[in-house]
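Read-outs throughout are calculated quantities, based only on the coordinates presented, and are distinct from any laboratory measurement. Because the structure is predicted, anything quoted here is derived from the model rather than measured. Because the Cβ atoms are built from the backbone with ideal geometry, glycine has one as well, and the counts that use them run over all protein chains shown.
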Amino acid sequence: MDGNILDDPQRLKAERESADRTYNEALTMLDRAIQHPPADFPHAPRPPDEHQVAPLNTLWRITAPPSPKGPLRRVFAAAVRRVVSPLFEQQQAFNSAVVDHINRTLPAARQTVESIDTTLAVLRAHVEALARFESLLIVFLQQITPYVDTRDRDVAGLLRGLSGAINAVADELMKRSEALLARDARREAQLGALEEQIGRARARIDDLVRALPRSASE
């Protein structure tokens, strides 16, 4: 990464503010998109009407009326029965087919209503669970920024502590270096004075050495 970018506080601040705005806008859009169960959530249909099922199962059969009294009436009734008997048989066959159809379709209608009711219950529970998940997701995402800020402050504190420790070590090293330099300077001064004294002593010894022959001759 370019060092100039890291060394530009204004640019880093602008990039951080831009990232914060983008994150907050995305979080707002996600919050608005949370799903909620509709107020007019559909209900299961009513169960089939079985009020007339029992009467239909008993009234579908057509029974012939009792024979009338008297020979003329019986003959007339027999003639009428011969005429209307095909109609009654056809009507009874129709009644039987209708009742059989109702009895066959009634269990399927009950199962259909129960299946729709169960499906709607599962769908409602799924929508409510999805809404709870999205709400929890929003709460989680809202905690990211404070968490990151806390981590940044923690890292900044560690860096400040590390910088202070480095500065303290540097100061201590500087003091020791200055002390060593001062000691070296004193040693050099002492060595210079000692060399000067040695030089003077050598000169004096040389003078004494030169003076010894004269003293011996005298």
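Under 15 Å from the Cβ of residue 103, count the other residues' Cβ atoms, weight Lys and Arg +1, Asp and Glu -1, and hand me the total.
Numbers: positive: 61, 104, 110; negative: 49, 50, 100.
After counting each charged neighbour, the total is 0.
Using only the alpha carbon atoms of the stretch 22-142, find the Kirkwood hydrodynamic radius as the inverse mean reciprocal pair distance, in angstroms to one decimal.
On the way: mean 1/r = 0.0482 Å⁻¹.
Radius from the Kirkwood sum: 20.7 Å.
Measure off 7 Å from each Cα along the Cα-to-Cβ vector at residue 10 and residue 134, then give the distance between these two points in nanometres to one decimal.
Spacing of the two 7 Å Cα→Cβ label points: 4.3 nm.
Taking 7 Å along the Cα-to-C-beta vector as the label spot, tell me the residue 120-residue 162 distance in nanometres, rounded to one decimal.
Placing both labels 7 Å beyond Cα along the Cβ direction yields 6.3 nm.
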